[in-house]
1. Provide a single number: the residues in segment 1-47 that are polar (S, T, N, Q) and more than 15 Å from ARG76 (Cα to Cα).
2. Mind checking which residues of segment 37-63 are over 18 Å from the mean Cα position of the chain (by Cα) and among the aliphatic types (A, V, I, L, M)?
3. Being of a type in the set (Gly, Ala, Ser) and modelled with pLDDT of 95 or more, is that true of even one residue in segment 51-60?
Amino acid sequence: MMNCRDITRSVTDFLEHKLRLRDRLGFLFHIAMCGGCRTYLAQIRASIAAMHALRVPKPEGPRVDALLDRFRKETRRPDR
């Protein structure tokens, strides 16, 4: 079963539909049981919606891809 730390580490993959079925079910089960993580997920979704509402052109290119890859690696480190 996932814990709160697992949820914070995998929320991006969950929202981008990149979790395996087993992990997605574990995520959903934890969210159903944990009010704090439900609130966290709602805050992330609200932040994404607010960013989309800004209508800023989406940055593209290899530098952006490299930055996103590094961010994803850093947020998945087991020592955090």
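1. Within segment 1-47, residues that are polar (S, T, N, Q) and more than 15 Å from ARG76 (Cα to Cα) number 3.
2. ALA53, LEU54, VAL56
3. No, that holds for no residue.
The values are calculated or read from the model by the stated rules, or taken from the named source; none is laboratory data. As the structure is a prediction and not an experimental result, all values here were calculated from the model.
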